[in-house]
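Participant: Sending over a structure as structure tokens; questions will come in a sec.
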Ligand SMILES: NC(=O)c1ccc[n+]([C@@H]2O[C@H](COP(=O)([O-])OP(=O)(O)OC[C@H]3O[C@@H](n4cnc5c(N)ncnc54)[C@H](O)[C@@H]3O)[C@@H](O)[C@H]2O)c1
């Protein structure tokens, strides 16, 4: 019987006859569903958000990485549609789970979205189905959180149904490393689970890397993100050190070090880290490790260092205003960039929003520009993006660059602004005194403007 299940699923995958569900059509799920549909599978996106479902069905994108045209294409071939009901799980052969894994206010993991989608899937679970968890989470989630929900049905993993963990590695905004070109890591609960998941993903991903268990796959994803978090923290600390020392430019230092063709990889400082991954994921592992009486110093230290950056930026801003004779309470400030990184519309945990929060009620006027983010909420207050133009720049006492979108006209910004604090080295001009750059202080005391 189990042999038949696996055999039938294998054939359906090979013949592109498998019906595929993608649960959660956000930053991860929508591009994934489109790629699967493009490969030729009937694909259904299931999301609790009615607005996203309606937009997806109308071929309108809500994610900067996905063009509306791409959705329209798979809508027109009839290979993709979106729904709010889980009932399609009854028909689905393969179910990919791409739901959020946030943290609680006390920064503990919140796997309630995985639990609730698992419970919904369990209602429709039947022999021959393959479930693949893609959300980033702590080791053992697949086997100790999701698997028990599914086996409560009486069905057995590896015989009746199949379960794997395959962490999503998408890098929104990255045009080179796409779903197809980025290798996918897969760890199944049993060998059969791994084999079926690999067969499916190899239909639309160039390289599949299999590992011995879901736990290894879960940990590998966390290692990737913690690696980034720790290295960003390191350069953030060095940026603050260069600022203290004066006369050493962290950006020049990094570029010099990056000329080493081996053993070095450049990371850059900034106003902090954000998004749904690098900020949150390390806490998932730190929390899990505590269960084993293990305290991860690296993770905590990196988080502390990165989370201090918005405070450092605000201190630096106030210092610059003071040196230039502008009382902070009278200052008109213009923030450039609200998204957590360049060329995306994602503002989750954005350091720009944290900086704005720290500035609220401490300066006279606060405006922001972001071509990707039409409005944001900062500590309960709504802000609408302003269009970037000469008069807006001229009115500002200081322009604070927090996200270096490539759509910004940096020549205009440089020409028209009175003062600039550039936390991303987007202007990259050391010869213009009105430009202050995070991680570079001309000498030990900040000098006044031209
Ligand atoms: N955004 C990234 O760059 C990225 C990269 C790699 C991994 N991840 C991981 O992927 C997962 C998803 O992240 P995301 O950025 O796509 O989040 P997202 O918030 O953009 O998308 C998640 C979607 O799931 C929906 N949803 C929530 N609960 C649901 C439920 N019970 N049933 C159906 N739909 C539900 C939400 O409405 C939302 O549309 C997270 O674990 C994240 O850590 C994200």
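Participant: When you scan region 132-146, do you find a residue that is part of a helix (DSSP H, G or I), over 16 Å from residue 99 (Cα atoms) and in the same structural domain as residue 46 (by TED's automatic domain parsing), even just one?
Facilitator: Restricting attention to region 132-146, the residues satisfying the condition of being part of a helix (DSSP H, G or I) are 141-146.
From the residues that got through so far, the ones that are over 16 Å from residue 99 (Cα atoms) too are 143-144.
If we keep only those that are in the same structural domain as residue 46 (by TED's automatic domain parsing) as well, we get 143-144.
Yes, region 132-146 contains at least one residue that is part of a helix (DSSP H, G or I), over 16 Å from residue 99 (Cα atoms) and in the same structural domain as residue 46 (by TED's automatic domain parsing).
Participant: Ok, one more. Looking at the structure I just gave you, is residue 60 in contact with a helix residue (DSSP H, G or I) (Cβ under 6 Å, 6 or more places away or on another chain), within 15 Å of the ligand (Cβ to nearest atom) and farther than 20 Å from residue 166 by Cα?
Facilitator: Numbers: in contact with a helix residue (DSSP H, G or I) (Cβ under 6 Å, 6 or more places away or on another chain): yes; within 15 Å of the ligand (Cβ to nearest atom): yes; farther than 20 Å from residue 166 by Cα: yes.
Considered against the rule, which asks whether it is in contact with a helix residue (DSSP H, G or I) (Cβ under 6 Å, 6 or more places away or on another chain), within 15 Å of the ligand (Cβ to nearest atom) and farther than 20 Å from residue 166 by Cα, residue 60 comes out as yes.
Participant: Further question on the same structure: Consider residue 67 against the criteria (1) within 16 Å of the ligand (Cβ to nearest atom); (2) under 19 Å from the mean Cα position of the chain (by Cα): it satisfies all of them except one. Which criterion is unmet?
Facilitator: Of everything listed in (1) within 16 Å of the ligand (Cβ to nearest atom); (2) under 19 Å from the mean Cα position of the chain (by Cα), residue 67 misses just condition (1).
Participant: Being surrounded by fewer than 20 Cβ atoms within 10 Å (Cβ to Cβ) and within 16 Å of the ligand (Cβ to nearest atom) is the filter here; which residues of region 27-53 pass it?
Facilitator: Within region 27-53, 48, 49, 50, 51, 53 meet the criteria.
Participant: Next question. Given the condition over 28 Å from residue 37 (Cβ atoms) and assigned to a loop (DSSP other than H, G, I, E, B), answer yes or no: does some residue in region 226-247 qualify?
Facilitator: So in region 226-247, the residues over 28 Å from residue 37 (Cβ atoms) come out as 226-247.
Then drop every residue that is not assigned to a loop (DSSP other than H, G, I, E, B), which leaves 246-247.
Within region 226-247, one or more residues are over 28 Å from residue 37 (Cβ atoms) and assigned to a loop (DSSP other than H, G, I, E, B).
Participant: Separate question: Return the residues of region 391-407 that are surrounded by 16 or more Cβ atoms within 10 Å (Cβ to Cβ) and in contact with a helix residue (DSSP H, G or I) (Cβ under 8 Å, 6 or more places away or on another chain); say none if nothing qualifies.
Facilitator: Listed by number, the residues that qualify are 393, 397, 398, 399, 400, 401, 402, 403.
Participant: Could you please find all residues in region 408-450 being over 18 Å from residue 250 (Cβ atoms), modelled with pLDDT under 95 and in contact with a helix residue (DSSP H, G or I) (Cβ under 8 Å, 6 or more places away or on another chain)?
Facilitator: 447, 448
Participant: Checking residue 181 against (1) in a strand (DSSP E or B); (2) surrounded by fewer than 15 Cβ atoms within 10 Å (Cβ to Cβ), only one condition comes out false. Which one?
Facilitator: (1)
Participant: Picking from 263, 275, 187, 246, which residue would you name as being within 16 Å of the ligand (Cβ to nearest atom) and on the phi > 0 side of the Ramachandran plot? Break it down into steps so the answer makes sense when it comes.
Facilitator: On the way: 263 fails: within 16 Å of the ligand (Cβ to nearest atom); 187 fails: on the phi > 0 side of the Ramachandran plot; 246 fails: within 16 Å of the ligand (Cβ to nearest atom).
Sole residue among the options that is within 16 Å of the ligand (Cβ to nearest atom) and on the phi > 0 side of the Ramachandran plot: 275.
The values are calculated or read from the model by the stated rules, or taken from the named source; none is laboratory data. Predicted model, so just to flag it, every value in this text is computed and none were measured. As a convention, Cβ positions derive from the backbone with ideal geometry for all residues, glycine included, and neighbour counts pool all protein chains shown.
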